[in-house]
Amino acid sequence: MASGERCAAVLGTGRMGSAMARRLAAAGFRVYLWNRTLGKAEVLAAEIGGVAVEEPRAAAERCKRVHLVVSDDEAVYDVLTGLGGLVAGGKGLEGVRVYNHVTMTPRGSLEAMRLVERAGGVYVEAPVAGNPGNALEGRLVILCASRLGEGVCRDEALEALGTPVYLGEPPVAAAAKLGFNIFFLGVVTAMGEALALAESYGLDADRFLGEVIGRTWLRQIVERYGARIKPRGEASFAARLAGKDARYAARALQERGVPGFLASAVASYYALMSHEGYGDEDYPAIAGFLAEYARRSREPRSPA
Ligand SMILES: NC(=O)c1ccc[n+]([C@@H]2O[C@H](COP(=O)([O-])OP(=O)(O)OC[C@H]3O[C@@H](n4cnc5c(N)ncnc54)[C@H](OP(=O)(O)O)[C@@H]3O)[C@@H](O)[C@H]2O)c1
C-alpha cells in the first residue's frame with residue numbers, strides 16, 4: 001500500500017464496483033477510481049471524496065491494493081492488457097495485489113492470474129456472493145483463492161466489504177461462484193417455466209403462486225422472489241449479466257466433461273429475455289418474462 005495510507009483502487013464503477021467503493025470510502029480507505037466511461041468514476045469520486053484516474057495503470061501506481069469489478073472475461077482482459085492497462089508492457093505490478101471480484105470463467109481467471117503474476121503482481125481470486133446493497137453494508141460473502149494461501153484473503157479491505165472465505169488455489173473460487181449463481185439462476189428460471197406452464201393452460205400466474213406454490217414448502221422461494229418477478233425498469237443484478245454467468249457455468253462444466261444442460265438452458269432463456277429488450281431488468285424478472293411470454297402465445301392470433 002502507499003506508505004501510511006489505507007487505500008484501495010477500484011477498477012470498474014458499475015453497480016457492484018460503485019457500491020464497494022462507497023463502502024471502502026466509508027470505512028476510511030482512500031479510494032482511487034477508474035472506469036471505462038471515465039465520467040462515472042469522476043462523479044462517484046466527487047461524491048465519496050475519492051480520486052478518479054484516467055487509466056487502470058495509474059490507479060495501481062497510486063495504490064497497491066487493486067479491486068477489479070468489471071463485467072466479464074473480455075472486460076478483464078481489456079483492463080489488464082488494453083491501452084494503459086494494468087499489465088500493459090508486461091511489468092510494473094511489483095508489490096501490487098490484484099483482487100479480482102469479477103464473475104468469470106475458471107479458464108479466464110487462470111489467464112488473468114498468469115498475466116498479473118508475469119507483471120510481478122499478486123493475484124487473488126475474490127468473486128462475491130451478494131448484491132450491491134450487501135456491499136454497502138459490508139455483508140458480502142467473498143469467495144477467495146490464492147496461490148499465496150489464506151493470508152492474502154484476510155485483508156482489511158476485504159473484511160470491510162464482508163466475510164472472506166478461503167477456498168484454496170485459483171480457479172476454485174471462480175468455479176464456486178459460478179456454482180452459486182447457477183443454483184439461484186436455475187431456481188428463478190424454473191419458477192419462470194412453472195409460471196409459463198400454468199399460464200399456458202389458463203391458470204393465472206399470481207393465482208398459481210398464491211394458491212398452489214404458496215401452500216407448499218416452495219413458498220419460501222415465492223417469499224424471496226415473488227415481488228421481483230415483474231419487470232420494474234431497474235436492476236441490482238442485470239439479466240444480461242445473469243445470462244453471461246449461466247453461459248460461463250455451462251462452458252466450465254463442459255470443459256470438465258459434464259454436459260451442463262441446465263446451465264445452457266438458463267443461458268438461452270436469459271438470451272431470449274435480453275433479445276426482447278429486457279436485458280437491463282433485474283435477474284428474477286426472467287420468471288415474469290416467461291409467464292408473459294406464455295400469456296402472449298395464448299392470445300388469439302389475428303388472421304393473416
Ligand atoms: N450486481 C450484482 O448484484 C453482482 C453480484 C455479484 C457479482 N457481480 C459481478 O460483478 C461484476 C460487475 O457487475 P455489475 O453489476 O457492477 O455490472 P454493471 O453495473 O453492468 O457494470 C459493469 C462495469 O464493467 C465495465 N465494463 C464493461 N465492459 C468493459 C470493458 N470492455 N472494459 C472495461 N470496463 C468494462 C463497465 O464500464 P462502463 O461504465 O464504461 O460501461 C462497468 O463499470 C460482474 O462480473 C458481475 O457478474 C455482480
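Throughout, read-outs are computed from the coordinates displayed, never taken from laboratory work. As the structure is a prediction and not an experimental result, all values here were calculated from the model. Note: ideal-geometry Cβ built from the backbone for every residue, glycine included; neighbour counts use all protein chains shown.
With springs connecting C-alpha atoms under 10 Å apart, model the chain as a Gaussian network and identify which of Ser18, Ser268, Ser146 has the largest mean-square fluctuation. So, out of Ser18, Ser268, Ser146, the one fluctuating most is Ser268.
Compute the acute angle (0 to 90°) between the alpha-carbon long axis of helix 261-273 and the principal axis of greatest extent of the alpha-carbon atoms of the chain; round to the nearest 10°. Helix 261-273 and the main axis of the chain meet at about 80 degrees. By other beta-carbon atoms within 10 Å, ranking Lys244, Lys91, Lys64 with the fewest at the front produces Lys91, Lys64, Lys244. Computed from the alpha carbon positions, the gyration tensor of the stretch 231-304 leads to an equivalent ellipsoid with semi-axes of 26, 17, 8 Å, biggest first.
The modelled label-to-label distance for the pair Glu5/Arg114, using points 7 Å beyond Cα in the direction of Cβ, is 3.4 nm.
How big is the gap, in Å, between the Cα center of the stretch 145-185 and the Cα center of the stretch 242-304? Comparing the Cα centres of the stretch 145-185 and the stretch 242-304, I get a distance of 28 Å. Look at Val222, Val76 and count the other Cβ atoms within 10 Å of each Cβ; fewest to most, that gives Val222, Val76.
Basic side chains Lys and Arg get +1 at the Cβ, acidic Asp and Glu get -1 at the Cβ, and with that the dipole of the stretch 7-170 about its Cα centre reaches some 200 debye. Take every pair of alpha-carbon atoms less than 8 Å apart whose residues are at least six positions apart; their mean separation over the length of the chain yields a relative contact order of 14 percent. How many percent of Cα pairs in the chain exceed 26 Å? Roughly 48 percent, rounded to a whole number.
With R₀ fixed at 25 Å, the C-beta to C-beta distance from Glu299 to Arg256 puts the FRET efficiency at about 0.05. Panel order for Leu262, Leu209, by other beta carbons found within 10 Å of each beta carbon, from fewest to most: Leu262, Leu209.
Only the Cβ atoms of Lys and Arg (+1) and of Asp and Glu (-1) were treated as charged; on that basis the dipole of the chain about its Cα centre amounts to roughly 180 debye. The distance between label points at Ala88 and Glu211 comes to 6.2 nm (points 7 Å beyond Cα on the Cα→Cβ vector). In the chain, the DSSP beta bridges split such that about 15 percent are antiparallel, to the nearest 5. Taking amide H positions as modeled 1.01 Å from N, with prolines and chain starts lacking one, the residues under 5 Å from Arg30 and 5 or more places away or on another chain are Arg6, Cys7, Ala8. The GluC sites (Glu not before Pro) found in the stretch 196-304 that occupy coil by DSSP, while having at most 15 further C-beta atoms within 10 Å, are Glu234.
Highest GNM mean-square fluctuation among Thr37, Thr13, Thr103, for the chain modelled with Cα contacts below 10 Å: Thr37.
Between Val165 and Glu137, the simple spin-label model (points 7 angstrom out along Cα→Cβ) gives 1.7 nm. Just checking the listed ones, Gly82, Gly168, Gly151: in the Gaussian network model of the chain with Cα springs under 10 Å, the one fluctuating most is Gly151. For the stretch 7-170, the alpha-carbon coordinates run over 35, 33, 25 Å along the three principal axes, in decreasing order. DSSP beta bridges confined to the stretch 7-170 are antiparallel in about 15 percent of cases.
The stretch 77-109 and the stretch 52-72 have Cα centres separated by 9 Å.
Expressed to the nearest 5 percent, the antiparallel share of DSSP beta bridges inside the stretch 125-236 is 35 percent.
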